């Protein structure tokens, strides 16, 4: 369907920025080269806030075009048919997005979705062309089944952490994080956390000023960027543990927390009592920084 | 359409409570006497999160049945047609709910809605039978146009506070509150604040334990009941201003903050330096408690 970006000054509403797509007819999307296209995957039983939260965030972001892509033809009902919707495309005719959002559902509904090889093929194929691919809640199960979480640090709804870990034993599934960003793969905690994850994506693509403007428009004063884990991001460490600034590798060849082989050339390091330690991830580093004696004492 | 309450133990998901409606066919709703029916009004241009946030909250609440009621026949598009939905009923055939949710939109869309006298008639008529009637964001304009906010303390999106006050000069429009509960009329701040307002309704109807269980299911760790203003609710005031515990009326006949005549028998009181003061509302009382000398000094 034709969409064009309609730049609207929402003066009556007071929104700071709001370029939003206007759906006009059922032909291919038109967008200029600066448009960020956001595809939100929906399927029978999808959780309402899992997809509407991120869709709200991106629809309030300058230059974003949001469209819904369904795994099935015809109307799609959200969990227990609270909402019946008519998506814009199916996985067989949707245009390539810059951002792919994969929301969650009850496990039965997610399972039904990933049992369709066409759904996994779509996710895998589309991911190759995205700037970021993001799951919300149990949407991480779909992401894992599509093979996109191997070796990654990821998260999901608190109730399915073990289920997700069992699906992808090569991933590190963490909890108590609103979102985790590992490269271009973004995963979030349950349901409402999709809003926070989407705001992180906006921050990454458009800057913190734009993300804050979206928060202001949505009156979402609850976003805390620090509630997410951004793998590999430089963090400021308080004394006596200090961030390495030399770029030199630590002497030890294993992560002192998980004891896994340390990546060669890792920049995820911390100095403690004159010795530099390297970590496989920010997650291990964070644990170390919280209580270094626990891990250093183990080695004595 | 026939709906029945399907009590599902979401063991795979780990949700603590979740009785949610299952839509089965297009005839009248069936519900037992304990069911809380939640009607969510939608109209062309409605803001996505304004209605999906509360719908998500109520759909995770034990014994709630959620349905969408449209002001128009046929499919309804949310703001800029981000989502096209097929509501369950129209305002001409929807069953009487216990809770009516009136979401907002851009001012142009809200204005188009309230210019239809049938819409205002529906809101006014249905409100007579509700336990609570709740607006989100600019939905408060519809509530006011229907004549339901006169003499009430209310709130809305920060950008339309003045617009709302101009529509209803008999109401007191406040800002910087996530939600305001004045009797059975609940109003909320913009967009995402609908989640907080809906959680307050759940707390009022089902208790704080249920509200917290919904938060846990949604991973919405951000709900702060104290971020709302509940008119007439007893608050604990720190020294030297003390909450009256005698039930006696203060000697002065006017609110020391707004100088309006004080309600006879008001329980909204505070003791300061041995003298009891009465207030027209919690809002004035809160201002007084923050800085009592400002108001007491004025009287000297």
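Each value in this text was obtained by applying a stated rule to the coordinates, not by laboratory testing. Just so we're clear, the structure is a prediction, and the values are computed from it rather than from any experiment. We place every Cβ from the backbone using ideal geometry, glycine too, and count neighbours over all the protein chains shown.
Observations, loosely collected:
- Contour minus Cα-Cα distance for residue A:150 and residue A:259 (0.36 nm per residue): 37.4 nm
- Placing a label point 7 Å from Cα along the Cα-to-Cβ direction at residue A:296 gives distances to the equivalent points in the other copies of 5.5 nm, listed shortest first.
- Residue order, fewest to most beta carbons within 10 Å, for A:284, B:64, B:137: A:284, B:64, B:137
- For region B:33-185, the equivalent ellipsoid derived from the Cα gyration tensor has semi-axes of 22, 18, 15 Å, listed largest first.
- Per-copy distances of the residue B:74 label point, shortest first, in nm (7 angstrom along Cα→Cβ): 2.1
- Each copy carries a label point for residue A:115 at 7 Å from Cα along the beta-carbon vector; from one copy to the others these points are 5.1 nm apart, nearest first.
- Gain in span if fully extended, residue A:33 to residue A:175, counting 0.36 nm per residue against the direct Cα distance: 47.4 nm
- In plain terms, the residue of A:204, A:85 with the fewest other Cβ atoms within 10 Å comes first and the most crowded comes last, giving A:204, A:85.
- Packing-based exposure ordering (other Cβ within 10 Å, fewest first) of B:167, A:102, A:191, A:154: B:167, A:191, A:154, A:102
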